[in-house]
Each structure stands twice: as C-alpha cells, then as structure tokens.
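Undergrad: The structure that follows is given in the form of structure tokens.
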Amino acid sequence: PHLRTFKDEFQTCKVEGAWPLIDNQYLSVQVTNVPVVLGSSATATSKITLIFKSYQGCTEQKVYQATTEDLPLAFSDGTRTGGWQEGASSLRILEKPDAGQVEIQADYIGSTVIIRQVGRYLTFAIRVPEETLNLSEESAGLQLCLHGCPKNELIQEHRLSLGSSSPLWPSSRRAYTVEMATEQCRHILQVEDVYFQSCVFDLLTTGDPEFSMAAYGALEDLKALYPSRLKLQTVSKTINVATGAPGPG
Amino acid sequence: CRIQRCNADYVAATSPSHALPEETPLDVDYCIALRAYSVCTRKTAKSCRGDLVYHSAVFRIKELFTQHNCSSDGPTSSAKAPGTPDPLVSELCNYESRSGFQKKFAHCGLFGD
C-alpha cells in the first residue's frame, strides 16, 4: 500500500502480513496486508485493528476491528462509545453518510481516524497531536506511521520507471496501459501529485477500476482531517507518468 | 494552582448535606467523588508543582483509595441527566480544550496497493 507518514514522507511498500502502524501509550494500530495479484509483490490492506488504550477518567480500553468483509459501526464489544459520560463520550464511532466509511473520534487524545472500504480493501487515515508521538525517538519500535517502511519493504519502481516494462505489471496480464490508467486518474484527481501517481500505480497493478478511488479517498481524508497539509501534497519533482521522465515541476 | 477548588468540590461532594438526613453515603458514591478529586488534582499538576497543599492532597488521595477500597478506574460523576457532562471531566477528556488550540497535529495515511 501507499503510506504517508507522520513526517510527511510518502512511500509505497510491500509489507505483506501484519504490521504495526502506531504503537504508543494511547493507541495501537495494526494492519494486515495481502497480495492483490498473483506474482506481484504489491499488497493491499485486508484488516485493520485499533486498540484505544484505557485513559483514566475518560475511557476504558476499546478495540475496533475492520476487515474486508465487515466495516462495523461499533467496537468489538458492541458499543459505539467509550467512557462513562452518556451522550458526551470522548471516544465515539460516527456514522458517516457515505457507505463504506467509518470515523472514530477520540477527543481525549485529540485524534480522529477514518477507515474506508475501497473495492475489496481498506484504507486508513489518522490525525493525532504531535506531542502524543515520539517523533524524534528512534527506539520507539516498529511503527510504519512514525518511521516509514523498512528499506527492504519499499517499492520504488513506480516512481522511477512507470513507462517501462516492470515485473509489477507484466504486459501479458495488463488490464490497463499506462496511458489508460493516467487518463482514468486524471478524471478523478485534479493535481498530478503523489496521490495521482499512486492512482496510476494501483490501476496498473490490479487492473481493478475501483482502485482508482483509493487515492481519491485518501486525499478526501486528508482534506477532512488536516486541510493545512494539502499544500504539501504537490511534490516539486513530479514524474511524468506517461514517459517516466521528470516533469517541469 | 487551583487545588483549593478541587478540595472544595471534593468536600461538597462527600458532605452529609448531599445525602438524605439518615443516609450514609454509599461506597460507590464515595469512590466516584474520590476519582473526580483525583482527576481534578491531576489536571492542576503542572501549575501546582511545589505547592504543599497540592502534594498533601495527592498523598491523601492515594491513602483514601486504599482505605475505601476504591478502584482508580470507573465513573467520576453521578446523578446527572444523560448528556450533561461534568465540566471538569469534560475538560480533561477534551485534548484541544485541555491543551489549547495552538497544538501541532500530524497525519498518517495508508491506502491503495
């Protein structure tokens, strides 16, 4: 999947299996990623587990788990709120008007999570106060949101050679050409930035048109959670996805 | 430092005038008041550093938790209409009001394949 870290690094990773995104004294988030196409190293998220840890006076521990089969509007214990204040809970699951989308607000730690189902897979977005993270602490263990993916899990290929042949999308199995994918992503995303590149990558890798909505959803989540970060989304060295050459930016 | 306010709230919550004339405050109610007292002191911890009244209150609260066999986890308010939160707890449980609006936030996202 594509990862935007707390430090605004943008990566595409393999990370097959279960991996921790966040693990601190307030919250643990773990995802499970599975291969999307036989023979490709690309994976997508099939399960997300969040553990909101007990916070004295505000909430008891609550677990939320979403899978590709089930995006529940409740915690694992069946409740939709945490804490003891009826009607004014500081941890709650909000029903969103769009189907296939859940928002969890944890007011006591100033955090909001949005989980979406796009096609057969899940997306995750979170806004947290910087002071609840140990941004500079190197020994905080494996947390993809904090440190990014390990080097051996990174996929750099899509940024370097989208136009050339690649083991990620063997031409014999391609449902999309680069031009077709580029065209479809242009319809959905207005700016040719990293989200746009991700959209093209996803279409080429999966051949699934629904996947073009993953990048769109991620951008919508960013707008909703952190509008001031939008200005950082446009990378200065935009790659021309049709030719693989650096763009004028 | 607003420790006197915490003390006053605790005394008010546990005073006999709160109960019916012949009624003895229930342990469960007492534990609720004690937890609220503890929350209140924690909220003032920064501004009360070095204040003797504050430190003696913190010490006393620990003793009272043990004496009355109260768990530190549990409700901190009672006898309220649903949807009427304790303002003290509300503040504690709302990061933005507790920490001010100048805090910096970070974003993480995972999507696609």
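Undergrad: In the range B:46-58, is there at least one residue being assigned to a helix (DSSP H, G or I), modelled with pLDDT under 80 and over 11 Å from the mean Cα position of the chain (by Cα)? Lay out the reasoning, then the answer.
TA: Step one: of the range B:46-58, the residues assigned to a helix (DSSP H, G or I) are B:52-58.
Within this subset, residues satisfying the condition of being modelled with pLDDT under 80 are none.
No, the range B:46-58 contains no residue that is assigned to a helix (DSSP H, G or I), modelled with pLDDT under 80 and over 11 Å from the mean Cα position of the chain (by Cα).
Undergrad: Condition first: more than 18 Å from B:LYS104 (Cα to Cα), surrounded by fewer than 17 Cβ atoms within 10 Å (Cβ to Cβ) and either modelled with pLDDT under 90 or in contact with a strand residue (DSSP E or B) (Cβ under 7 Å, 6 or more places away or on another chain) (or both). Now tell me which residues in the range A:134-154 satisfy that.
TA: Of everything in the range A:134-154, those that are more than 18 Å from B:LYS104 (Cα to Cα), surrounded by fewer than 17 Cβ atoms within 10 Å (Cβ to Cβ) and either modelled with pLDDT under 90 or in contact with a strand residue (DSSP E or B) (Cβ under 7 Å, 6 or more places away or on another chain) (or both) turn out to be A:GLU138, A:SER139, A:ALA140, A:GLY141, A:LEU142, A:LEU154.
Undergrad: State which residue is farthest from B:HIS107 (Cα to Cα) when the search covers only the range A:199-233 and only residues that are in a helix (DSSP H, G or I) and modelled with pLDDT under 85. Steps first, answer last, please.
TA: Taking the range A:199-233 as the starting set, the residues that turn out to be in a helix (DSSP H, G or I) are A:199-206, A:209-225, A:227-232.
Subsequent filtering for residues that are modelled with pLDDT under 85 retains A:227-232.
Details: A:PRO227: 10, A:SER228: 11, A:ARG229: 8, A:LEU230: 11, A:LYS231: 13, A:LEU232: 12 Å.
Across the range A:199-233, the extreme among qualifying residues is A:LYS231.
Undergrad: Cβ-Cβ under 6 Å, sequence separation 6+ or interchain: first residue in the range B:29-42 and away from chain A (no Cβ under 11 Å), partner not in a helix (DSSP H, G or I). Which pairs?
TA: If the second residue must be not in a helix (DSSP H, G or I), the pairs left are B:TYR30/B:HIS68; B:CYS31/B:CYS70; B:LEU34/B:CYS70.
Undergrad: Now, a different point. What is the one condition in (1) assigned to a helix (DSSP H, G or I); (2) modelled with pLDDT under 80 that B:THR41 does not satisfy?
TA: Unmet condition: (2).
Undergrad: To continue, here is another question. Within the range A:1-68, considering only strands (runs of 3 or more DSSP E) that don't extend past its boundaries, which have at least 3 residues that are crowded, with 17+ Cβ neighbours inside 10 Å and more than 10 Å from chain B (Cβ to nearest Cβ)?
TA: Numbers: elements: A:2-4, A:10-12, A:17-23, A:27-35, A:43-52, A:62-67.
Correct list: A:27-35, A:43-52, A:62-67.
Undergrad: Checking B:VAL28 against (1) modelled with pLDDT of 85 or more; (2) out of contact with any helix residue (DSSP H, G or I) (no Cβ under 8 Å at 6 or more places or on another chain), only one condition comes out false. Which one?
TA: Here B:VAL28 meets the rest and fails (1).
The values are calculated or read from the model by the stated rules, or taken from the named source; none is laboratory data. Quick caveat: nothing in here was measured; it's all calculated off a predicted structure. Cβ sites come from the backbone with ideal geometry, for glycine too, and all protein chains shown count toward neighbours.
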